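First up is the structure itself, then whatever we jot down about it.
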Amino acid sequence: MTLDRLVIRRPDDWHVHLRDGAMLKAVLPFTARQFGRAIVMPNLKPPATHAADAAAYRDRIRAALPDGVAFTPLMTAYLTDGTDAEDLARGFEEGVFAAAKLYPANATTNSAHGVTSIDRITPVLERMADIGMPLLIHGEVTDQSVDIFDREAVFIDSTLAPLLDRHPSLRVVLEHVTTADAVAFVRAHAASGRIGATITAHHLLINRSHIFQGGIRPHLYCLPIAKRESHRLALVGAATSGEAPFFLGTDTAPHTVTAKEAACGCAGCFTAANALELYAEAFEDAGALDRLEAFASLNGPRFYGLPPNEERVVLERRPTVVPDVILVSEGDAVLPFRSGETLRWSFAGAA
Ligand code: OTD
Ligand code: ZN
Ligand code: ZN
């Protein structure tokens, strides 16, 4: 029997780029329509490094919400070599910060102010471990001599494994995992309960060949870059397993069409327009729609020590056409992932 209607607890997005200004106004309604809460990335220009920056950014997000939409932004601190452990800990204890984000310097978009060497923030990490503040990691080495497809696996061996050994009680989320290596590493540490991993919809749906199908497809370029099919299958296996460490994080990362379709195009896929429908397709293809709720609505809150959302939302089997473009401002638009294509599921709102 095929399922035509799926009711799950309202999901949360544990990794999202909401940007600021006109872009924030344009993209926020999509995330807020589907998700109850979201972990908001701090890679603004300039980055949100202090609790005061994050609190002000949170106010701007709340002000940009459509009327009557209940959505909770959970803020993150952008770690730098100069992060002040006191400000960070106070921000966490006062409820401004839900977590702190580690970008190895220059690993991805707007990460130039990131940490140049993890040893430099040892006191900060010790403090975070003491107070139970999660560390969210962009897990790629930045050494340009390492092949771009190997940067996550090399990071795990060279940086993440020693980091976990050095800080045995630090809670860590390996963000947007893209490799079988990451899945195996997370599973190997699952029993400790201190490691989580987010998985995007696009990494469940594309492999690296899609980026070059019939020509170069800049809208499928993101970091970490999609890997070969065997890795995609490992990600699908992890997401649909129901295992506690794996949870939903879209990493929706909007850029204007002009910035994407350029000689040096920006990294990022914008999946927020139809995030849940995209995940539903990936789960259905794996015959695992019954595991979508664990991945989307239960495992993330459990990791973060928050209650799952009480409200239920409905997915229906009826076609959704992904918008061609999302207008940001006069002359500026964002092209959604699967732009103009028809998806099998529709998000039908609250039950
Ligand atoms: N990856 N683009 C962006 C961030 C992510 O690494 C990420 O979290 C972005 O544009 O902010 C991307 O490809
Ligand atoms: Zn990242
Ligand atoms: Zn991201």
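The values are calculated or read from the model by the stated rules, or taken from the named source; none is laboratory data. What you see is a predicted model, and the numbers here were worked out from it, not measured in a lab. Note: ideal-geometry Cβ built from the backbone for every residue, glycine included; neighbour counts use all protein chains shown. Accessible surface areas use protein heavy atoms only, side chains included; no ligands, DNA or RNA. Shrake-Rupley method; radii C 1.70, N 1.55, O 1.52, S 1.80 Å.
Could you rank the peptides 100-107, 13-20 by their average count of other C-beta atoms within 10 Å per residue, with the highest value first?
On the way: 100-107: 21.6, 13-20: 24.9.
Per-residue Cβ counts within 10 Å, averaged per peptide and sorted highest first, yield 13-20, 100-107.
Per 0.36 nm of contour for each residue apart, how much would the distance between ALA267 and ASP20 grow if the chain were fully extended, relative to their Cα-Cα spacing?
Working: separation 247, 0.36 × 247 = 88.92 nm, distance 1.73 nm.
Using 0.36 nm per residue and subtracting the Cα-Cα distance, I get 87.2 nm.
Applying 1/(1 + (r/R0)^6) with R0 = 30 Å to the Cβ-Cβ distance of LEU327 and ALA70, what FRET efficiency is obtained, to the nearest 0.05? Kindly include the intermediate steps, with their values, before the conclusion.
On the way: r = 25 Å, r/R0 = 0.84.
In this case the efficiency is close to 0.75.
Can you give me the angle between helix 122-131 and the longest principal axis of the chain, using Cα atoms only, in degrees from 0 to 90, rounded to the nearest 10?
Long axis of 122-131 versus the principal axis of the chain: about 70 degrees.
Once label points are set 7 Å from the Cα along Cα→Cβ at both ASP81 and SER117, what is their separation, rounded to one decimal in nm?
Using points 7 Å along Cα→Cβ, the separation is 0.9 nm.
Treat every Asp and Glu Cβ in segment 12-312 as -1 and every Lys and Arg Cβ as +1, leave all other atoms uncharged, and give the resulting dipole magnitude about the Cα centre to the nearest 20 debye. Each step should come with its number before you reach the end.
On the way: 26 positive and 36 negative charges, 79 e Å.
About 380 debye.
Taking amide H atoms as placed 1.01 Å from N in the peptide plane, list the residues 5 or more away in sequence, or in a different chain, whose amide H sits under 5 Å from that of GLY139.
Those qualifying (amide H under 5 Å, at least 5 residues apart or on another chain) are GLU175.
Around THR72, which amide H atoms from residues at least 5 apart in sequence, or from another chain, sit under 5 Å from its own amide H, with H modelled in the peptide plane?
ARG37, ALA38
How much length is gained on full extension from THR2 to ALA259, taking 0.36 nm per residue of separation minus their Cα-Cα distance? Present the calculation step by step, with values, prior to reporting the outcome.
Numbers: separation 257, 0.36 × 257 = 92.52 nm, distance 4.14 nm.
Gain in length upon complete extension: 88.4 nm.
What is the set of long-range amide H partners of PHE97 at a cut-off below 5 Å, with H atoms built 1.01 Å from backbone N?
Amide H neighbours of PHE97: PHE92.
Do any GluC sites (Glu not before Pro) in segment 294-351 lie in a loop, going by DSSP, with at most 15 other beta-carbon atoms within 10 Å of their beta carbon, and if so which?
Values: sites: GLU310, GLU311, GLU316, GLU330, GLU341; in loops: GLU310, GLU311, GLU330, GLU341.
Sites meeting the loop and neighbour criteria: GLU310, GLU311, GLU330, GLU341.
Taking only protein heavy atoms and a 1.4 Å probe, what accessible area per residue, in Å², does segment 28-151 have with all protein chains in place?
Per residue, segment 28-151 has 40 Å² of solvent-accessible surface.
Enumerate the calculated ³J(HN,Hα) couplings along segment 100-113 in order (Karplus 6.51 cos²θ - 1.76 cosθ + 1.60, θ = phi - 60°), each rounded to whole Hz, writing x wherever the residue is Gly or Pro.
10, 10, 9, 9, x, 3, 6, 6, 8, 4, 6, 10, 4, 8
For the pair ILE216/ASP165, report the inter-label distance in nm, with labels modelled 7 Å from Cα in the Cβ direction.
4.0 nm
Do the sum for the chain: with -39,500 (n - 2.57) for every DSSP H run of n ≥ 4, divided by all residues, what is the mean residue ellipticity at 222 nm, to the nearest 500 deg cm²/dmol? Each step should come with its number before you reach the end.
Numbers: 12 runs with 104 residues, N = 351.
Helices in the chain give a 222 nm mean residue ellipticity of -8000 deg cm²/dmol.
Give me the percent of the accessible area of the chain that comes from carbon and sulfur atoms, probe 1.4 Å, all protein chains in place.
Numbers: 7130 of 13740 Å².
Heavy-atom surface of the chain belonging to carbon and sulfur, 1.4 Å probe: 52 percent.
Find which of GLN144, ALA26, ALA280 sits farthest along the positive direction of the dipole of the chain, computed with +1 on the beta-carbon of Lys and Arg, -1 on that of Asp and Glu, about the Cα centre.
The residue sitting farthest along the positive end of the dipole is ALA280.
Taking a spot 7 Å from the Cα of GLU126 along the direction of its beta carbon, which residues of segment 91-113 have an amide N less than 12 Å from it?
In segment 91-113, the label zone of GLU126 (backbone N under 12 Å from the point 7 Å along Cα→Cβ) covers no residue.
How far is helix 21-34 tilted off the main Cα axis of the chain, in degrees rounded to 10, range 0 to 90?
70 degrees
With Cβ to Cβ distances under 15 Å as the rule, what net charge do the other residues near ASP147 carry (K, R +1; D, E -1)?
Working: positive: ARG151, ARG208, LYS227, ARG228; negative: GLU140, ASP143, ASP150, GLU152, ASP157, ASP181.
Value of the local net charge: -2.
First select every other residue whose beta carbon is under 9 angstrom from the beta carbon of GLU310; then total the charges, Lys and Arg +1, Asp and Glu -1.
Numbers: positive: ARG9, ARG10, ARG312; negative: GLU311.
Summing Lys/Arg as +1 and Asp/Glu as -1 gives +2.
For segment 138-152, just list the computed ³J(HN,Hα) in residue order, Karplus coefficients 6.51, -1.76 and 1.60, θ = phi - 60°, integers in Hz, with x standing in for Gly and Pro.
7, x, 9, 6, 9, 5, 5, 7, 7, 3, 4, 7, 9, 5, 6
Compute the convex hull volume of the Cα atoms of segment 12-312, divide it by the residue count, and report the result per residue in Å³ as a whole number.
Values: hull volume 37.9 nm³, N = 301.
Each residue corresponds to 126 Å³ of Cα convex hull volume.
What does the extension gain come out to for ALA55 and VAL146, with contour length at 0.36 nm per residue minus their alpha carbon separation? Show your work: numbers first, answer last.
Details: separation 91, 0.36 × 91 = 32.76 nm, distance 3.73 nm.
Here the segment from ALA55 to VAL146 would lengthen by 29.0 nm.
Using the Karplus curve 6.51 cos²θ - 1.76 cosθ + 1.60 with θ = phi - 60°, work out ³J(HN,Hα) for each residue of segment 39-44 in order, rounded to whole Hz, and write x for Gly and Pro.
7, 9, 6, x, 7, 7
Treating cross-link reach as a plain straight distance, find the lysines whose alpha-carbon is under 22 Å from the alpha-carbon of LYS45, omitting any fewer than eight places away in the same chain.
Reachable lysines: LYS25, LYS101, LYS260.
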